[in-house]
Amino acid sequence: MIEYVIYFFTAFIAIGVVGQAGASGLLNGAFQRGFAGASAQIVSAKFLFSYTNFETFVRACLDGSIGLSGYVFLGSLGFLAAVWVNNLVEYRQAII
Amino acid sequence: MTLHVRAAHEERVIIASKNGPALNPIQWNALAIMFILVFMPFAVAFVTNAGSSADDNFKDSMESNSGGASLNSIWLYNGGDNLTADYQNLNPTLPDQFINCAVVQDGWCIGTQAPGVQALPLGGTSYAVDWRTPAPSALIYQSHFYPSSPGQYLGASGDDHYGWLLQSDYFPNIEQGEALDKMKFTFVDTFTSYVCDYSEFTDIEFNGYLVFNHDGRSKKVDGFTFETSNKYEHRFWDNSAAEFTTACQVGFEVKFDFAGYESLAISSFVGGGDWQNTSIEVHLTEFERADDRTFTDTLLPFAGDGQFSLSIEHQNINSITAGFVIRTSTLVLSVLTFAVGIASTNAWNPFKSFIGGILP
């Protein structure tokens with residue numbers, strides 16, 4: 001479950017970056033955009049899964065190992081994700 | 001309404017500076033990615049490692065008891081290969097309850113399904129002595145001790161799953177109330193020594209997990225991967241020469257290093273460190289050779305028809321300090337994440353004020 005959320009989130013950010021790059025005149029070809037977007041998504045998701053303990057920390061928050069603080073963190077993370085997804089849809093950038 | 005918001009946004013999206021726009025939309029996205037991929041992992045690493053020790057100052061979990069205390073354990077899984085028929089052919093007169101233990105799954109011998117033969121847990125009780133391995137250790141029967149007569153081991157037990165259930169008398173030195181930071185299990189076949197450049201020593205990789213059983217409930221702590229050699233070089237007491245000698249034997253150390261919050265969760269689960277009423281399952285799974293050759297008869301300390309030595313060590317954590325640091329820093333991280341969320345909207349723009357202020 002958490003894996004899918006991270007995949008979704010990193011994919012969304014990759015789409016935003018590539019979209020902006022395209023709007024700025026970079027990565028003009030569809031292949032280039034696709035390749036850049038897929039690479040950005042794979043690298044960032046792989047980084048979060050393999051080289052950091054972000055996923056296990058989120059999982060620990062979810063199963064109550066960190067108590068109330070863990071649930072508060074999940075709430076904040078969910079809020080941040082919702083804001084960024086909305087911004088990416090509306091404005092094509094995460095921070096406006 | 002959307003048009004209005006977009007128009008308002010268009011006015012705010014570019015930070016003005018003396019030399020023109022300071023940050024464009026791509027750079028704002030880059031800032032967001034940096035928050036997720038740089039700041040957040042560091043912050044989480046700090047939180048998860050709070051209270052953990054960086055050194056390996058382990059304490060013996062087992063008692064040094066050269067008198068030979070009997071310890072309670074059973075095999076849960078013995079490799080995964082089903083060699084029942086081969087052992088039956090080798091030992092046609094061996095009773096079914098022994099042949100049955102050619103395959104152990106979840107603590108039950110299931111090699112044969114002969115009616116009337118009750119499945120038996122494969123017992124592994126033995127002695128706690130400290131001269132075989134650097135730390136006090138116990139002798140446990142190897143994977144095919146029961147179905148194989150001496151010298152008839154078929155050379156392999158499998159690469160799938162090995163597991164043991166260890167009752168609390170295996171770790172009497174873990175004090176009541178202690179929270180564990182790390183556990184180290186050392187598996188060595190102390191009965192056979194090799195020259196240290198023996199060609200069958202090789203690097204291996206496998207996964208592992210622990211299960212803590214307390215008060216009728218179980219807690220699994222998983223996600224551990226190990227890369228090690230099956231060569232264990234150490235000084236041990238050579239009985240025949242009556243002296244300590246350096247030996248290369250089949251074996252390895254398996255170190256389970258818990259994150260700070262895992263230590264607290266385990267301690268809480270076992271009744272605040274009620275180790276006298278806790279049993280621990282050790283599971284090692286999915287063995288592979290680092291050189292990618294088939295695993296088949298790769299030497300493992302617990303695979304065979306004799307006995308192997310198991311020693312257990314642990315390192316504890318100050319649960320009160322760690323708990324305070326973990327919960328407080330998680331709360332701080334939550335506030336910061338929430339603030340970044342607000343700052344990502346039009347409602348509050350501290351980034352732009354800050355960055356706009358420092359840029360020329």
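Taken together, the values in this text are just the output of simple stated rules run on the coordinates, not laboratory data. It should be emphasised that the depicted structure is a prediction, and the values quoted were computed from it without experimental measurement. Cβ coordinates were reconstructed from backbone atoms using ideal geometry, including for glycine residues, and neighbour counts include every protein chain displayed.
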_Residue-wise HN-Hα coupling along the stretch B:81-91, computed from phi with Karplus coefficients 6.51, -1.76, 1.60 (Hz; x: Gly, Pro)_ = 6, 9, 10, 3, 4, 5, 5, 5, 5, 6, 10
*For the stretch B:92-105, just list the computed ³J(HN,Hα) in residue order, Karplus coefficients 6.51, -1.76 and 1.60, θ = phi - 60°, integers in Hz, with x standing in for Gly and Pro.*
x, 8, 5, x, 4, 5, 7, 4, 3, 7, 5, 10, 10, 10
*Under 5 Å between amide H atoms, partner at least 5 residues away or on a different chain: which partners does B:LEU71 have, H built in plane at 1.01 Å?*
B:SER126
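Among B:SER148, B:SER240, which comes first, then next, by fewest other beta-carbon atoms within 10 Å? Please report the intermediate quantities before stating the final value.
Details: B:SER148 25, B:SER240 6.
Ranking B:SER148, B:SER240 by Cβ neighbours within 10 Å, fewest first, gives B:SER240, B:SER148.
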*asked:* Need the list of aspartates and glutamates near B:LYS219 for cross-linking: C-alpha distance under 12 angstrom, and skip anything on the same chain fewer than eight residues off.
replied: A:ASP63, B:GLU262, B:GLU281
*Label-point gap, in nm, between B:SER240 and B:LYS59 - each point 7 angstrom along Cα→Cβ*: 3.9
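Rounded to the nearest 20 debye, what is the charge dipole size of the stretch B:59-317 about its Cα centre when +1 sits on each Lys and Arg Cβ and -1 on each Asp and Glu Cβ?
Details: 12 positive and 36 negative charges, 101 e Å.
Dipole of the stretch B:59-317, to the nearest 20 debye: 480 debye.
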_Across B:LYS59/B:LYS220; B:LYS184/B:LYS231; B:LYS59/B:LYS231, pairs whose alpha-carbon gap is larger than 21 Å_ = B:LYS59/B:LYS220; B:LYS59/B:LYS231
*Search the structure for amide H atoms under 5 Å from the amide H of B:GLY223, placed 1.01 Å from N in the peptide plane, and list their residues when 5 or more places away or on another chain.*
B:GLY208
